[in-house]
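Following: one structure in structure tokens, then a few remarks.
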Amino acid sequence: MLYVVALPVLGEADDTALRRLRAQYHPREADLIGPHFTLVFGAPLDRESALRAMLEAIERRPFWFVLERLVRHDLPPPSRGAYLYATPADGLAELVELHETFNPVGSGEPFEPHMTLGLFERATEAEQVARIVERQHLPMHGRVEALALLRRTAEGLETLRSVRL
């Protein structure tokens with residue numbers, strides 16, 4: 001599977017907070033990749049050359065974003081679990097535009113740019129963590145300066161190509 005991600009630069013305190021939250025509440029993914037916005041999720045391997053070409057053709061300046069809100073996304077039954085993620089206010093339009101560049105026919109689901117903070121067994125746990133994070137860490141400021149094309153392998157994620165904006 002292939003992925004295109006936007007890699008942010010964050011202040012030290014915000015970067016540390018996001019990495020700690022992901023390590024505690026999403027350890028399987030936190031070991032693979034740090035804070036990021038996913039623009040293409042799980043594309044088939046035969047899209048590599050097209051995604052690589054799109055990535056190399058990007059003509060965009062780096063842009064700022066502000067994470068201001070946390071969202072709990074409940075998993076469908078029979079699970080009682082939930083994802084917790086942070087969504088940007090500033091930078092939202094730029095991330096949506098990048099997503100549309102890499103997904104010109106759409107994926108069928110509405111795109112909401114976000115950084116995943118954790119996966120919880122129960123929605124109530126996600127809600128408790130959200131309240132703490134909102135009080136202690138939001139807003140978080142950062143800048144998207146690079147994009148990367150990644151391939152999922154048995155060992156983890158392999159960077160196929162990265163570009164600086």
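Here is how the numbers come out for the structure above:
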{"item": "Shape call, segment 126-165: gyration tensor on alpha carbons, a/c limit 1.5", "result": "oblate"}
{"item": "Gyration tensor (alpha-carbon) shape descriptor, segment 1-92, a/c threshold 1.5", "result": "oblate"}
{"item": "Local net charge near residue 43, Cβ-Cβ under 13 Å (Lys/Arg +1, Asp/Glu -1)", "result": "+2"}
{"item": "Of 117, 32, 51, the one that fluctuates the most in a GNM where the chain has Cα springs shorter than 10 Å", "result": "32"}
{"item": "Estimated 222 nm signal from helices in the chain, with DSSP H stretches of n ≥ 4 weighted -39500 (n - 2.57), rounded to 500", "result": "-10000 deg cm²/dmol"}
{"item": "Whole-angstrom gap from segment 53-123 to segment 1-48, using each part's C-alpha centre", "result": "11 Å"}
{"item": "Fraction of accessible area attributable to carbon and sulfur, the chain (%, probe 1.4 Å)", "result": "49 percent"}
{"item": "Proximal charge balance of residue 158 [Cβ under 14 Å; K/R count +1, D/E count -1]", "result": "+2"}
{"item": "Cα gyration tensor shape for segment 44-130, rounded if a/c is under 1.5, else prolate or oblate", "result": "oblate"}
{"item": "Relative contact order computed over the chain (Cα-Cα under 8 Å; 6+ residues apart), in percent", "result": "35 percent"}
{"item": "Distance between modelled label sites at residue 105 and residue 89, nm, 7 Å Cα→Cβ extension", "result": "3.8 nm"}
{"item": "For the chain: accessible area per residue (Å², 1.4 Å)", "result": "57 Å²"}
{"item": "Overall Cα dimensions of the chain, principal axis frame, Å, largest first", "result": "43, 35, 30"}
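The values are calculated or read from the model by the stated rules, or taken from the named source; none is laboratory data. Keep in mind that this is a model prediction, so the values were computed, not measured. Virtual Cβ from ideal backbone geometry, glycine too; neighbours counted across all protein chains shown. SASA here: full protein model, heavy atoms, side chains in, ligands and nucleic acids out. Shrake-Rupley method; radii C 1.70, N 1.55, O 1.52, S 1.80 Å.
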